[in-house]
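To start, the structure under review is shown below, and the notes come after it.
Rule-based calculations on the coordinates, nothing more; no lab input. From a predicted model like this one, the values you see are computed outputs, not experimental measurements. Backbone-built Cβ (ideal geometry, glycine too); neighbour counts: all protein chains shown.
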Amino acid sequence: MSAAPLAIDPALLRRYDRPGPRYTSYPPAPHFGPNFGAAALRDAIVESNGDPIPRALSLYVHVPFCASPCFYCGCNRIITRDRSRGPAYAARIVRELAMTGALVDRDRDVVQVHFGGGTPNFLAPAELAGILDAVKRHFTLSPRPDRDISIEIDPRTVSVDDVAELAALGFDRASLGVQDFDPDVQRAVNRIQSVAETLDVIAACRANGMRSVSVDLIYGLPLQTVTSFSRTLATVIEARPDRVAIYGYAHLPQRFKAQRHIVEGDLPAAEAKLALLACAIRMLTAAGYVYIGMDHFALPDDELARAQRHGTLQRNFMGYTTHAQTDLIGVGVSAISHVGSTFSQNPRELPLWEAAIDSGTLPACRGVWLDADDVLRADVIQSLMCHGSVAIPDIEARHGIEFAGYFANSLTQLAPLVADGLVRIERDRIDVTDVGRLLLRNVAMCFDRYLETSTVVPLSRAI
Ligand code: SF4
């Protein structure tokens, strides 16, 4: 993608603003079924050990607890201020790591460990240390310098000293929830967070040698205006985080209870929401950030931007990553794993997850075995989401198909996107244009066989 500021046509974006998956997986999680359990995950892990070239691993640790509810939140989280829940949760994570680690061959390096939530720093540094120790005991942590150990941090509940402890434990990447600095917006979403405490945490991450700091913002929140949001953006840009994620707020109160506290009349209308997105793109690209894809921007020398330039960018449940083709093992309540050609998920309910761990059983309770069509479409969608292009001969060679015939229906669906200048189709390749990259989900949706049945679960909109 060119570094020039993106030209945005609001009428065009509005036309494509319809619900769709975020494609952190294909098929998306709502299509996981209930007949995939502990035995299936165990078999998948054991089978994945048999690959002729040992496949590296990513580990995801889900920590569900948060001290207070942000009203916009759609995550699987448990609101509590009772810190005494931390040690028991961490102890069960250690047991789950022991169970999964026992199945994985030790010649398979762990190249990425990510703690997400919820609020991972709800756990005290000593509890996080216990989990990292278990990772080292039960898996082989890669010695490579590009190995990542990352954590999502809530700047409201972490001290500068905590950040120093996290860095000393080995965390080298942090992503900070910010969303918006405007006091009215913060009150409307029940997330009061000062600029000073946020900047202190960013400074502490850097002072303690973390390789990368990322900031998450949300557009489309109640009471947001272009003027107020541009102040937030200016503050963030001045702090110069390596990565910035700008997520669109998805108002789905029928699905997420906390969102019922949001006054619908305070939400920006579609036109205003687009203006917020346009403002973010304009300011970030003008400040030198490169658009990576979906909601992500990075400084040009950040590893994600470099991976995008070199064609090695990947995408998994944790978002964009530089680590190629790893198997992902998720531990903790609701965590998702992607092993070989399977996806699976742990129970979303804490008591069910706890009961499985206490009985010495892998807690996976739903999932899916990918068939050849899933693997093929996942490959095409991954290529679109990460590189904004599909090399047709490569796909044909990898999957033994004739692209034009196999994807005749998808190519028909792409025709209006071609006419609107979002996509270019040539004999050997499909390329998403710069403007089309703002609508990657819409492009990917043309290759999604499951979309007809997705209405069971409300999806967020493309913008
Ligand atoms: S946005 Fe983050 S901190 Fe707020 S409730 Fe959701 S998971 Fe917790």
If you rank Val236, Val185 by fewest surrounding Cβ atoms within 10 Å, what's the result?
Val185, Val236
Evaluate the distance, in nm, between pseudo-label points positioned 7 Å from the Cα of Ser389 and of Ala164 along their respective Cα→Cβ axes.
4.8
Fewest-first ordering of Thr227, Thr100 by Cβ atoms within 10 Å yields Thr227, Thr100
FRET efficiency, Arg231 to Gln254 (Cβ-Cβ, R0 25 Å, nearest 0.05)
0.15
Region 237-286, dipole about Cα centre (Lys/Arg Cβ +1, Asp/Glu Cβ -1), debye to the nearest 20:
200
Could you list Ser344, Ser58, Ser212 so that the one with the fewest beta carbons within 10 Å of its beta carbon is first and the one with the most is last?
Ser212, Ser58, Ser344
Can you compute the charge dipole magnitude of the chain about its Cα centre, using +1 on each Lys and Arg Cβ and -1 on each Asp and Glu Cβ, nothing else charged? Give it in debye, rounded to the nearest 20.
560
Quick check: residue separation of Cys75 and Ala415 times 0.36 nm, minus the Cα distance between them. What number comes out in nm?
118.9 nm
In the chain, taking the dipole from +1 charges on Lys and Arg beta carbons and -1 charges on Asp and Glu beta carbons about the Cα centre, the listed residue (Val263, Ala305, Pro155) farthest towards the positive end is Val263
For Asn49 and Ala287, calculate 0.36 nm times their separation in residues minus their Cα-Cα distance, and state this gained length in nm to one decimal.
81.2 nm
Quick shape summary for region 32-330, equivalent ellipsoid via Cα gyration tensor, semi-axes whole Å in descending order, reads 32, 22, 20
Given R₀ = 30 Å, FRET efficiency for Arg18-Ile192 by Cβ-Cβ distance, to 0.05?
0.35
Got a sec? Charge dipole of the chain, +1 on Cβ for Lys and Arg, -1 for Asp and Glu; which of Thr321, Leu252, Leu362 is way out at the positive end?
Leu252
